[in-house]
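K.L.:
For reference, the structure I am asking about is given below.
The values are calculated or read from the model by the stated rules, or taken from the named source; none is laboratory data. What you see is a predicted model, and the numbers here were worked out from it, not measured in a lab. Surface accessibility is based on the protein's heavy atoms, side chains included, excluding ligands, DNA and RNA. Shrake-Rupley method; radii C 1.70, N 1.55, O 1.52, S 1.80 Å.
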Amino acid sequence: MHRLRAVKTPLSKTEQKVGFAILLYALIAISALWIPKFGEHVAKGVKSDPKLYLVEGVALIIIAALSIWRKNRILAGGFTILVAFGPWGSLIVFALPMLAFGSFTLFKKDPEVMKRRREEIARKRQEKANKPSAAGPDGRSLPQASKRYTPPAKSNSRSRTKK
């Protein structure tokens with residue numbers, strides 16, 4: 001029996017377009033979130049900087065866009081999920097489209113592999129159905145012999161009647 005191996009499926013054109021649209025949404029949302037905070041006073045000792053968060057978000061979006069452009073499903077899904085967990089501050093709810101798209105692209109099954117699995121399962125069922133089965137006197141099929149059943153051992157001693 002051969003083992004089925006996973007085949008890496010590239011992103012389709014529609015998935016690419018949806019991915020780019022979601023990343024454009026992410027770029028607009030992160031910009032709208034952090035650009036207005038550029039002039040705000042940051043408390044002493046706090047190491048959060050709105051400019052740093054904006055640069056981090058844009059960098060993640062660019063990396064995710066490159067992986068979508070290259071049609072690499074695994075990298076596109078992974079980096080889009082990273083954008084979802086990026087610098088969203090208290091507005092993490094706006095990152096849900098990135099999380100949904102990344103999860104969809106990362107865990108989507110390959111149609112060729114699924115087709116081969118279905119064919120193999122159908123072939124095994126057909127072989128099992130074509131196997132001849134024993135029927136009892138009433139026409140019903142007899143149950144298969146249990147592999148756990150151990151028949152009684154034959155004794156080596158002679159019977160008293162056969163002397």
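K.L.:
Ignoring everything but the protein chains, give the 1.4 Å probe accessible area of residue 121 in square angstrom, nearest 10.
P.N.:
Spelled out: residue 121, probe radius 1.4 Å, area about 90 Å².
K.L.:
Measure up 13/71; 17/37; 17/115; 71/115 against 20 Å on the Cα-Cα distance and list the ones that go over.
P.N.:
Pairs exceeding the cut-off: 17/37; 17/115; 71/115.
K.L.:
What ranking of 138, 110, 49 comes out by heavy-atom accessible area, probe 1.4 Å, highest first?
P.N.:
138, 49, 110
K.L.:
For 140, 123, what's the largest-to-smallest order of accessible area, 1.4 Å probe?
P.N.:
Order by accessible area, largest first: 140, 123.
K.L.:
For the range 44-120, what class follows from the C-alpha gyration tensor (a ≥ b ≥ c being the square roots of its eigenvalues): rounded when a/c is under 1.5, otherwise prolate if a/b is larger than b/c, else oblate?
P.N.:
Because a/c hits 1.5 or more and a/b exceeds b/c, the range 44-120 counts as prolate.
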